[in-house]
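The values are calculated or read from the model by the stated rules, or taken from the named source; none is laboratory data. Since the structure is predicted, the reported quantities are computational estimates derived from the model, not experimental observations. Here the Cβ positions follow ideal geometry from the backbone for every residue, glycine too, while neighbour counts run over all protein chains shown.
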Amino acid sequence: MINEHYVDMLKERSVIRAISERAAARRAEVGEQHVFDFSIGNPSVPTTHDFTEAMIDLYETESPIALHGYSPSTGLPVFTQAVADSLNRRFGMDYEPSHIYPTSGATAALAHAFRAVTKPGDEMITFAPYFPEYRPYSEAAGLTLTVLPCDPKDFQIDFAALEQAMNPNVQAILINTPNNPSGAVYSAATLQRLADLMRAKQEEYGHAIFLISDEPYREITFDGAEQPYPSKFYDNTLSCYSFSKSLSLPGERIGYVAVNPKAEQADIFGPMFTQISRCTGHNCPGASIQRAVARVIDETADLAVYGKNMELLYDTLIELGFEVVRPGGTFYMFPKALEDDANAFCEKAMHYDLFMVPSDSFGMPGYVRMSFCLDTSKVEAAIPALRRFVTEVYG
Ligand code: PLP
């Protein structure tokens with residue numbers, strides 16, 4: 001007997017993928033230059049020259065046995081040391097290499113974090129709009145995912161809703177900042193208030209409540225702003241990171257979980273993660289990739305294009321009368337659709353070869369996600385199509 005659960009999951013296909021496939025089909029039909037695909041969040045800038053050089057150098061100078069050998073299950077010391085040093089330097093933390101656990105991107109970092117601090121049947125809270133994959137990730141860990149509204153004027157946390165939803169079964173709160181899909185960057189004030197509330201609830205319920213902080217867009221911020229480091233505000237924090245976006249390495253599958261050294265039982269997490277890996281079939285990221293990333297740990301790809309695209313798209317949307325919050329980071333924008341039904345809005349946009357994702361699966365209906373990891377020339381070329389769409393359909 002096959003497992004019908006996974007067959008059933010096929011019926012709930014990712015809306016993002018479905019729309020990007022429609023965009024690809026349209027490209028094949030009318031040509032790349034006529035299609036404006038804002039659907040998918042794939043980095044559009046190459047990784048750094050130094051990363052490529054590091055890979056070449058490793059291949060030319062390391063013994064193949066060492067280079068391609070098994071990584072220790074807790075990761076290569078050269079990688080965990082480099083990550084710990086970098087985080088300590090940048091955010092004034094006190095990580096030891098043993099607090100850093102390498103994972104196959106943020107996906108696996110979250111899988112380990114969820115399992116380390118919750119048991120099946122527990123509740124985890126997150127905030128809309130949220131990355132739709134949080135649903136299957138949390139269901140696979142047996143968790144009930146409670147999605148709370150945000151404050152729509154700036155996409156920060158709605159604390160009244162959070163206060164009301166807290167109960168002793170909540171073992172973890174999951175945040176994502178900078179946020180996919182809203183582009184919001186949680187402010188220091190938001191993180192402080194969240195930390196204060198969580199500390200009070202820990203006290204009240206007599207057990208730890210962990211903050212799981214999903215941070216793959218940490219370095220993609222605009223207008224000179226920086227993302228305050230969530231773990232700095234709250235000791236019981238597991239920071240989940242990925243080099244997919246900052247170094248444009250999504251196919252290499254490398255990230256980590258960083259356990260705050262002041263978290264309860266901080267030193268047991270590393271060994272525990274090795275057991276979670278055993279049980280989930282996860283393996284450390286490739287040994288050569290760990291070595292190469294360690295050499296360029298403080299670098300990012302040239303992320304400037306995302307800021308440029310954001311300005312261009314934001315100004316255009318405002319001019320066209322959209323309600324939209326200026327993103328503080330990521331490569332997404334989250335305007336309100338021009339009619340209540342965002343699905344209908346996106347269907348109509350497709351007649352103008354504009355591909356955007358309706359927001360229902362992000363837990364906040366009535367909006368659309370526009371991913372602008374594109375060449376700036378592509379965003380420029382999309383503007384007349386956007387203008388035509390809005391004036392002809394809604395003008
Ligand atoms: N979390 C968020 C918010 C994301 O947007 C993504 C990927 O787009 C992930 C996690 C997964 O990242 P990775 O590709 O590193 O597994």
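I need every pair where a residue in the stretch 247-259 that is within 28 Å of Phe233 (Cα to Cα) and at pLDDT below 95 has its Cβ under 6 Å from the Cβ of a residue that is near the ligand (Cβ under 8 Å from one of its atoms) and assigned to a helix (DSSP H, G or I), sequence separation at least 6 or different chains.
none
Count, please, the residues in the stretch 342-365 that happen to be under 18 Å from Leu386 (Cα atoms) and of a type outside the set (A, V, I, L, M, F, W, C).
7
Please work out if Arg27 is assigned by TED's automatic domain parsing to the domain that holds Asp360, of a type outside the set (Gly, Ala, Ser) and within 16 Å of the ligand (Cβ to nearest atom).
Criteria not met by Arg27.
A quick yes/no check of all residues on (1) within 15 Å of the ligand (Cβ to nearest atom); (2) assigned to a loop (DSSP other than H, G, I, E, B); (3) charged (D, E, K, R):
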residue	(1), (2), (3)
Ala116	no, no, no
Gly121	no, yes, no
Pro129	yes, yes, no
Tyr137	yes, no, no
Thr146	no, no, no
Asp154	no, yes, yes
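Can you pull out the residues in the stretch 101-114 that are within 8 Å of the ligand (Cβ to nearest atom) and either of a type in the set (D, E, K, R) or in contact with a Gly (Cβ under 9 Å, 6 or more places away or on another chain) (or both)?
Ser104, Gly105, Ala106, Thr107, Ala108, Ala109, listed by residue number.
Taking the stretch 365-391 only, how many residues are surrounded by fewer than 23 Cβ atoms within 10 Å (Cβ to Cβ) and part of a strand (DSSP E or B)?
Of the residues in the stretch 365-391, 0 are surrounded by fewer than 23 Cβ atoms within 10 Å (Cβ to Cβ) and part of a strand (DSSP E or B).
Can you name every residue in the stretch 275-294 that is assigned to a helix (DSSP H, G or I) and either hydrophobic (A, V, I, L, M, F, W, C) or surrounded by fewer than 17 Cβ atoms within 10 Å (Cβ to Cβ) (or both)?
Result: Gln275, Ile276, Arg278, Cys279, Thr280, Ala287, Ile289, Ala292, Val293, Ala294.
Could you look through the stretch 162-195, keep only residues that are of a type in the set (Val, Ile, Thr) and either outside the structural domain of Phe127 (by TED's automatic domain parsing) or in a strand (DSSP E or B) (or both), and pick out the one that is nearest to the ligand (Cβ to nearest atom)?
Ile175
Which of the residues spanning the stretch 259-293 are within 15 Å of the ligand (Cβ to nearest atom) and charged (D, E, K, R)?
Passing the criteria: none in range.
Is one or more of the residues making up the stretch 71-91 more than 26 Å from the chain's Cα centre (by Cα) and farther than 18 Å from Gly255 by Cα?
Checking the stretch 71-91: not a single residue is more than 26 Å from the chain's Cα centre (by Cα) and farther than 18 Å from Gly255 by Cα.
Examine the stretch 236-258 for a residue that is buried (at least 22 other Cβ atoms within 10 Å of the Cβ), away from the ligand (no atom under 16 Å from the Cβ) and part of a helix (DSSP H, G or I), and state whether such a residue exists.
Looking for residues that are buried (at least 22 other Cβ atoms within 10 Å of the Cβ), away from the ligand (no atom under 16 Å from the Cβ) and part of a helix (DSSP H, G or I), one finds none in the stretch 236-258, hence no.
One line per residue, one yes/no per condition, for (1) more than 30 Å from Met333 (Cβ to Cβ); (2) without any contact (Cβ under 8 Å) to a residue 40 or more places away in the chain:
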residue: Ile56; (1), (2): yes, yes
residue: Tyr59; (1), (2): yes, no
residue: Glu62; (1), (2): yes, no
residue: Thr74; (1), (2): yes, no
residue: Met93; (1), (2): yes, no
residue: His99; (1), (2): yes, no
residue: Pro102; (1), (2): yes, no
residue: Ala113; (1), (2): no, no
residue: Pro136; (1), (2): no, no
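Counting only residues that are over 22 Å from Ile220 (Cβ atoms) and crowded, with 17+ Cβ neighbours inside 10 Å, how many does the stretch 23-53 have?
Number of matching residues: 3.
Across the stretch 323-345, what is the total count of residues that are in contact with a Leu (Cβ under 7 Å, 6 or more places away or on another chain) and either among the β-branched types (Val, Ile, Thr) or away from the ligand (no atom under 16 Å from the Cβ) (or both)?
The qualifying residues number 3.
Out of curiosity, is Ser98 more than 13 Å from the ligand (Cβ to nearest atom), in contact with a Gly (Cβ under 8 Å, 6 or more places away or on another chain) and assigned by TED's automatic domain parsing to the domain that holds Lys245?
Answer is yes for this residue.
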